[in-house]
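Reviewing the structure listed below.
The values are calculated or read from the model by the stated rules, or taken from the named source; none is laboratory data. Bear in mind that the values here come from a model prediction, so they are computed numbers and not experimental data. Here the Cβ positions follow ideal geometry from the backbone for every residue, glycine too, while neighbour counts run over all protein chains shown. These accessible areas exclude ligands, DNA and RNA; they are computed on the full protein's heavy atoms, side chains included. Shrake-Rupley method; radii C 1.70, N 1.55, O 1.52, S 1.80 Å.
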Amino acid sequence: MHTRYLQWMTLAILICATGRLLAASGVIRPGEPWFDQHGARIQAHGGGITFWKGTYYWFGEDRTPTNDLEKRYVACYSSRDLVRWKFKRQVLALADPEHLGPRWVLERPKVYVNERTGKFVMYAHLDDAHYKLARVMVAVSDRIDGTYAYVKSFRPLGEESRDIGQFVDDDGSAYLIFESRPTKGFFIARLTGDFMSVERTCFIAAPLEGGALVHYGNLYYVVGSHMTGWRPNPNVYATAPALTGPWTKFRNLAPPEANNYGSQSTMLLKVTGTKKTTVIFMADEWRPRALWDSRYLWMPLEMDDGSMHLPPPQPWSLNLKTGETTIH
Ligand code: GAL
């Protein structure tokens, strides 16, 4: 028994040490386990990144197997380089807020900073086990990594809303992207002044989820996945000169046979450096039978005057100062 125990301990220590070494090397390794400062696996699935006062905050679904099964959790991590992430805390540990019943759902949390009110506002997809509620929930905190207090849930613009995405434009205006099945498409909706609700900006008639947006050069690029649940599919993108359109037809982000390298879009993150602007494709490689073990596929996109291409995942690093990336 003693030898077994020692073997397990050695293995656990080795895994943690490898994780730390990988992070310390400043290299992002798509699809490989990603560890926090304690050597624990990062739990920030379907996540979003909020940049605030020189620090990146990564919020996402915390699927730790030892979590209370009755509650849903959002974890918050911070980083100055997008590679080494410090676990801050579980900023949301929510009990069923709307009598949703067993296996209720809280997915794809995103946090916005409201400079006017000084509040941090979290949106997430809220649902019952059958995905029939189709609402967003809103929770608020006075600190970015404080405890978020549940405020309410609603259907944005009165429409069914499932997967959500987050976008903040260069002028600071904040948007919610949400998929609406009955209307066979998704909405881009600007947050109202207090961020407690949304107003219609644009509807894109394409039945896509995992919606993400970026403003790059003179164009807006929207990315989404087809609706195949946890299973990956070839993600697609379209562009427009303004959020209100007109939007081009959707095109493949990668060769369709690559099946998006097993991943589904969650966010597009723009890093503007002194030499280059890099757009990072952030995606989830879901493992539905063990969601905690789902991986993250982050890759710099190849962008060129209206086209966007997801290259095959490889280890890479980013020079945050210059915005340049290196494939390893
Ligand atoms: C995916 C969606 C995930 C989750 C899953 C459930 O399409 O993007 O967030 O809702 O379906 O099947």
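Observations on the model:
- Taken together, A283, A238 contain a single residue that is touching a residue at least 40 places away in the same chain (Cβ under 8 Å) and surrounded by 13 or more Cβ atoms within 10 Å (Cβ to Cβ), which is A283.
- Look at region 212-230: where a residue is in contact (Cβ under 8 Å) with a residue 40 or more places away in the chain and a partner is aliphatic (A, V, I, L, M) and within 11 Å of the ligand (Cβ to nearest atom), sitting 6+ places away or on another chain with Cβ atoms under 7 Å, you get G224/L208; S225/L208.
- Out of I177, I144, sole residue that is at pLDDT 95 or above and in contact with a Leu (Cβ under 9 Å, 6 or more places away or on another chain): I177
Residues checked against (1) surrounded by fewer than 16 Cβ atoms within 10 Å (Cβ to Cβ); (2) free of Cβ contacts under 8 Å to residues at least 60 places away in the same chain; (3) among the β-branched types (V, I, T); (4) more than 16 Å from the ligand (Cβ to nearest atom):
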{"site": "P33", "(1), (2), (3), (4)": "yes, no, no, yes"}
{"site": "D36", "(1), (2), (3), (4)": "no, yes, no, yes"}
{"site": "Q43", "(1), (2), (3), (4)": "no, no, no, no"}
{"site": "G46", "(1), (2), (3), (4)": "no, no, no, no"}
{"site": "I49", "(1), (2), (3), (4)": "no, no, yes, yes"}
{"site": "Y57", "(1), (2), (3), (4)": "no, no, no, yes"}
{"site": "K71", "(1), (2), (3), (4)": "yes, yes, no, yes"}
{"site": "V74", "(1), (2), (3), (4)": "no, no, yes, no"}
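- Qualifying position, being hydroxyl-bearing (S, T, Y), more than 12 Å from the ligand (Cβ to nearest atom) and outside any strand (DSSP E or B), among T274, T201: T274
- When N260 is tested against (1) within 15 Å of the ligand (Cβ to nearest atom); (2) open to solvent by 30 Å² or more (accessible area, probe 1.4 Å); (3) in a helix (DSSP H, G or I), just one condition goes unmet, and that condition is (2).
- Qualifying residue in region 143-160 (condition: assigned to a strand (DSSP E or B) and under 17 Å from the mean Cα position of the chain (by Cα)): no
- Flag for L133 being more than 30 Å from G54 (Cα to Cα) and within 16 Å of the ligand (Cβ to nearest atom): yes
- Test: R72 is of a type outside the set (D, E), in a strand (DSSP E or B) and under 15 Å from W292 (Cβ atoms): yes
- Number of the condition not met by V140 [criteria: (1) in a strand (DSSP E or B); (2) over 17 Å from the mean Cα position of the chain (by Cα); (3) closer than 18 Å to Q43 by Cα]: (3)
- Test: residue in region 68-78 that is in contact with a helix residue (DSSP H, G or I) (Cβ under 9 Å, 6 or more places away or on another chain) and at negative phi: no
- Candidate set from region 286-307 (those that are open to solvent by 10 Å² or more (accessible area, probe 1.4 Å), part of a loop (DSSP other than H, G, I, E, B) and within 15 Å of the ligand (Cβ to nearest atom)); member that is nearest to P109 (Cα to Cα): W286
- Conditions (1) within 20 Å of the chain's Cα centre (by Cα); (2) within 16 Å of the ligand (Cβ to nearest atom); number of the one not met by A206: (1)
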